[in-house]
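Notes follow the structure.
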Amino acid sequence: MIKKLAKVLMITLVSLSLVACSGKGKEEVPEGPVTLKVWGAQEDQAFLAERVEAFKATQPDVEWDITLGVVGEPDALDMVTQDLDTAADVFAFANDQLFDFIGAGALYEITRNKETIVSENVAGSVDAASDGDKLYAYPMTADNGYFMYYDSSVFTEDDVKSLDKMLEVANAKGKKVFMDVSNGWYIASFFLGAGGKLDIENDKQVTDFNNDTGIAVGEAIRKFTADPAFLTGDDSILQAGMGDTIAAGVSGTWTADSTQESLGDNYAATKLPEFTVDGKATQMASFGGYKLMGVKTSTKFPVQAMDLAEFLTNEDSQVKRFEARGFGPSNVKAGSSDIVLANKALAALAEQAEFAHSQKNVLGSYWTPAEAFGTAMENKSTDDMKGLLDQMVSQIQEGITE
């Protein structure tokens, strides 16, 4: 009888624990102060201080002791993992650190309001914060990706929906469409858009870019680079020619100011266009970079730490972060707010976010072979497409990095 009661009690305690961590039902107010430490970049300190005070006001019955520290996203992995006990309970980090954090056992799995967090943020940012079906961080920004700038005196809003139409118009008007196809970051947009696989299995990069669909994609890229209106190069070429010879170009927010200055009243931006694969219109994808917020596994207050991290990354906080720092939101509603949409580059990035893929599954072996294939396309190679793609895929999967 005693064993039976003990078993029932244990099950009850486990159930209560799961409820406390998975939802926001009626919960007991913790006794004594809830002590939490938050890390963020130096430039975020004033913003974080204001947001922390706003968070405290949402739970006035709790005695809060929340301190801030200066550790930016690039340094978060080293600082957290070198001494987990003294690290911040809540911290911001870049999404390409996710697997390293998980491997170090440093990230608390997000179980609280998970479905809400997933539904409220763009899919790419959720994927960037996840390992399989487990969520390990809160999406905070979606501001490191690419899209299409264009000259609205050359192209209409309908023109830029289709790459084929853009090339037709550009040729008719003596203009160029710019894209750095020999850069693996950009060329992936064709393959990923057509459903191509770029994943990690057994610590190795695997891809199917040489299957039948990949061959059709390769031929579409070859057709694009062979078009008289195609122009390639780095961002300096784009910036020098925009508004003159170049009427549209693929880039990111870092060229927004110079592009706007060049185009003036004709400055416009939108998601990447569709391209044709085997006669079918196919939306170009992209790589997206995201900032995330995590909770350490050794926190003494996991429920409160998750509440705080969720608040610091919710819709209101993401809008305010945009106002304070200019970071593009991952939150769907924040990304479609009037203040964000007024920024044409960020509005285009938000539009493209639906088709963006996280780089968390991209190993170093991908970049050089992808660049070599793109260079072959830019150099108007007439080699057998299957052979070119087989070579690229083989090098990617064998780990050729130079």
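The values are calculated or read from the model by the stated rules, or taken from the named source; none is laboratory data. Keep in mind it's a predicted model, so treat the numbers as computed, not measured. We place every Cβ from the backbone using ideal geometry, glycine too, and count neighbours over all the protein chains shown. For the accessible areas, the whole protein counts, side chains as well, though only heavy atoms, and no ligand, DNA or RNA atoms are used. Shrake-Rupley method; radii C 1.70, N 1.55, O 1.52, S 1.80 Å.
The share of accessible area on the chain that comes from carbon and sulfur is 50 percent, using a 1.4 angstrom probe. Against the set (i) 65, 54, 46; (ii) 64, 47, 44; (iii) 81, 47, 35, the structure's computed Cα extents along the principal axes in Å falls on (iii). Database remark: amide H of Y108 closer than 5 angstrom to the amide H of V295, K296, T297 (H placed geometrically; neighbours at sequence offset of 5 or more, or on other chains; Pro and chain starts carry no H).
Here is the result for the range 163-230: no GluC sites (Glu not before Pro) lie in DSSP coil with at most 10 other C-beta atoms within 10 angstrom of their C-beta.
For the range 225-378, the tally of Lys pairs with Cα-Cα distances below 19 Å comes to 9, considering only residues 8 or more apart or on different chains. Mean residue ellipticity at 222 nm, helices only, the chain: -13000 deg cm²/dmol; runs of at least 4 DSSP H residues each add -39,500 (n - 2.57), and the sum is divided by the number of residues.
Within the listed set G252, G289, G145, the residue fluctuating most in the Gaussian network model of the chain (springs between alpha-carbon atoms under 10 angstrom) is G252. Angle of helix 302-312 to the longest C-alpha principal axis of the chain, folded into 0 to 90 degrees and rounded to 10: 40°.
Between R222, R51, R325, the residue with the greatest mean-square fluctuation in the GNM of the chain (Cα pairs under 10 Å linked by springs) is R325. Using only the alpha-carbon atoms, how far is helix 367-378 inclined from the longest principal axis of the chain? Give it as 0 to 90 degrees, nearest 10. Helix 367-378 sits at roughly 20 degrees to that axis. With all protein chains kept in place, the per residue accessible area of the chain amounts to 46 square angstrom at a probe of 1.4 angstrom.
In summary, the aspartates and glutamates within cross-link reach of K165, defined as a Cα separation below 18 angstrom excluding same-chain residues under 8 places away, comprise D151, E157, E219, D227, E274, D278. Largest GNM mean-square fluctuation across N211, N202, N95, computed for the chain with C-alpha springs under 10 Å, falls on N202.
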